[in-house]
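Following: one structure in structure tokens, then a few remarks.
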Amino acid sequence: MESREQSLVELWRTVHYLSRVSDSALAELARYSVATAYAQGAIIFLQDDPQAGIYLVESGAVKICRHSKDGREHILQIIHPGDTFNDVAALDGGFNPATAIAFSEARLWRVARDDLRSITVRHPDLAWAIIESLARRARFLVASVQNLAMRDVRGRLAKLLLEQAEAVEQGKAPVPLTQEEMANRLGTVREVVGRTLRALAADAIIVMERQHIVVVDRARLAKEAEI
């Protein structure tokens with residue numbers, strides 16, 4: 001196996017749900033992968049456009065979002081290196097369910113739907129791994145609905161701050177979210193996020209340092225995030 005293809009195989013293996021997939025399946029994914037680099041803020045694809053295939057993030061971060069008719073943005077997820085996105089559209093052939101935007105400079109690998117379909121036919125272990133991944137995503141969506149329905153803004157913000165802190169600990173080092181982006185993640189407005197952050201700081205749970213938020217009392221923050 002050539003060094004480029006081997007490095008791509010290892011890159012695909014960093015995807016958590018592909019860790020136990022055969023080398024031959026990953027080699028085919030590598031063979032059909034096409035790389036593209038995106039500047040920060042560049043649109044990768046738009047919601048409701050024809051499906052664009054499955055993407056793997058090699059570096060940087062990608063924002064997955066939807067927009068209302070009045071232009072308001074709701075951030076569904078931030079995708080980091082070692083994660084895939086647009087899996088649903090790549091599998092069912094429907095339109096892209098959301099918009100993908102480079103949250104920072106990003107390098108991505110894409111496998112077209114037709115290629116993915118032919119590879120999964122030849123490699124059932126890959127097909128089953130993707131099915132399990134979709135099941136986990138369904139659980140994530142259920143949890144997201146519960147989060148919006150059963151937590152107030154303070155609880156949702158506390159949960160988001162905990163997730164950001166855990167990502168840093170795992171070495172993913174997410175791009176810091178602005179207060180506007182936090183609001184778009186939490187289904188509220190920037191002013192409410194700002195007030196809530198100041199309240200958490202006043203309670204000595206966090207410290208706000210310019211563009212950074214430091215968690216100083218994780219136990220209390222976790223309690224705030226409880227339903």
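The values are calculated or read from the model by the stated rules, or taken from the named source; none is laboratory data. This structure is a prediction, so every number in the text was calculated from the model and none was measured. For neighbour counting, all protein chains shown are included, and Cβ atoms are generated from backbone atoms with ideal geometry for every residue, glycine included. Side chains are part of the model used for accessible areas, which takes the heavy atoms of the whole protein and leaves out ligands, DNA and RNA. Shrake-Rupley method; radii C 1.70, N 1.55, O 1.52, S 1.80 Å.
For the range 14-31, how many residues are surrounded by 17 or more Cβ atoms within 10 Å (Cβ to Cβ) and over 17 Å from the mean Cα position of the chain (by Cα)?
7
Has the range 214-223 got any residue that is small (G, A, S) and outside any helix (DSSP H, G or I)?
Among the residues of the range 214-223, not one is small (G, A, S) and outside any helix (DSSP H, G or I), which makes the answer no.
Can you pull out every residue in the range 41-62 that is without any contact (Cβ under 8 Å) to a residue 60 or more places away in the chain and not hydrophobic (A, V, I, L, M, F, W, C)?
Once the filter is applied, which keeps residues that are without any contact (Cβ under 8 Å) to a residue 60 or more places away in the chain and not hydrophobic (A, V, I, L, M, F, W, C), the range 41-62 yields Q47, D48, D49, P50, Y55, E58, S59, G60.
Within the set of pairs 6+ apart or on separate chains, which have a first residue in the range 203-227 that is farther than 24 Å from S144 by Cα and of a type in the set (A, V, I, L, M, F, W, C), a second that is part of a helix (DSSP H, G or I) and open to solvent by 100 Å² or more (accessible area, probe 1.4 Å), and C-beta atoms under 8 Å apart?
Between residues of the range 203-227 that are farther than 24 Å from S144 by Cα and of a type in the set (A, V, I, L, M, F, W, C) and residues that are part of a helix (DSSP H, G or I) and open to solvent by 100 Å² or more (accessible area, probe 1.4 Å), the close pairs are M208/R198.
Restricting to the range 198-212, and then to whatever is crowded, with 19+ Cβ neighbours inside 10 Å and out of contact with any Lys or Arg (no Cβ under 7 Å at 6 or more places or on another chain), can you tell me which residue is farthest from A102 (Cα to Cα)?
The qualifying residue farthest from A102 (Cα to Cα) is L200.
Does D114 count as open to solvent by 30 Å² or more (accessible area, probe 1.4 Å), under 29 Å from A39 (Cα atoms) and of a type in the set (D, E, K, R)?
So D114 passes the test.
Return yes when L160 is within 22 Å of F85 (Cα to Cα) and touching a residue at least 12 places away in the same chain (Cβ under 8 Å) and no when it is not.
So L160 passes the test.
Of the numbered conditions (1) in contact with a Lys or Arg (Cβ under 9 Å, 6 or more places away or on another chain); (2) closer than 29 Å to E163 by Cα; (3) crowded, with 19+ Cβ neighbours inside 10 Å, N96 fails exactly one; give the number of that condition.
Going through (1) in contact with a Lys or Arg (Cβ under 9 Å, 6 or more places away or on another chain); (2) closer than 29 Å to E163 by Cα; (3) crowded, with 19+ Cβ neighbours inside 10 Å one by one, N96 breaks only (1).
Please verify whether the range 175-185 includes one or more residues that are small (G, A, S) and either closer than 30 Å to W12 by Cα or part of a strand (DSSP E or B) (or both).
Scanning the range 175-185, I find no residue that is small (G, A, S) and either closer than 30 Å to W12 by Cα or part of a strand (DSSP E or B) (or both), so the answer is no.
In this structure, is D125 touching a helix residue (DSSP H, G or I) at 6+ places or on another chain (Cβ under 9 Å) and surrounded by 17 or more Cβ atoms within 10 Å (Cβ to Cβ)? Please lay out each step first, then the result.
Values: touching a helix residue (DSSP H, G or I) at 6+ places or on another chain (Cβ under 9 Å): yes; surrounded by 17 or more Cβ atoms within 10 Å (Cβ to Cβ): no.
So D125 does not fit the description; no.
Kindly list, by first and then second residue, each pair from a residue in the range 68-90 that is touching a residue at least 12 places away in the same chain (Cβ under 8 Å) and closer than 17 Å to Q40 by Cα to a residue that is acidic (D, E) and not in a strand (DSSP E or B), limited to pairs with Cβ atoms under 8 Å and residues at least 6 apart or on different chains.
Pairs that qualify, where the first residue is touching a residue at least 12 places away in the same chain (Cβ under 8 Å) and closer than 17 Å to Q40 by Cα and the partner is acidic (D, E) and not in a strand (DSSP E or B), are I75/E181.
Quick check on my filter: what residues within the range 20-75 are among the charged types (D, E, K, R) and farther than 19 Å from A90 by Cα?
R20, D23, K69, D70, R72, E73
Determine which member of the set E181, E191, E224, E166 is among the charged types (D, E, K, R), out of contact with any His (no Cβ under 7 Å at 6 or more places or on another chain), surrounded by 17 or more Cβ atoms within 10 Å (Cβ to Cβ) and under 26 Å from R66 (Cα atoms).
Of the residues listed, the single one that is among the charged types (D, E, K, R), out of contact with any His (no Cβ under 7 Å at 6 or more places or on another chain), surrounded by 17 or more Cβ atoms within 10 Å (Cβ to Cβ) and under 26 Å from R66 (Cα atoms) is E181.
Listed residues V34, V57, V88; which is surrounded by 15 or more Cβ atoms within 10 Å (Cβ to Cβ) and either charged (D, E, K, R) or within 26 Å of R4 (Cα to Cα) (or both)?
V57 is the lone residue from the list that is surrounded by 15 or more Cβ atoms within 10 Å (Cβ to Cβ) and either charged (D, E, K, R) or within 26 Å of R4 (Cα to Cα) (or both).
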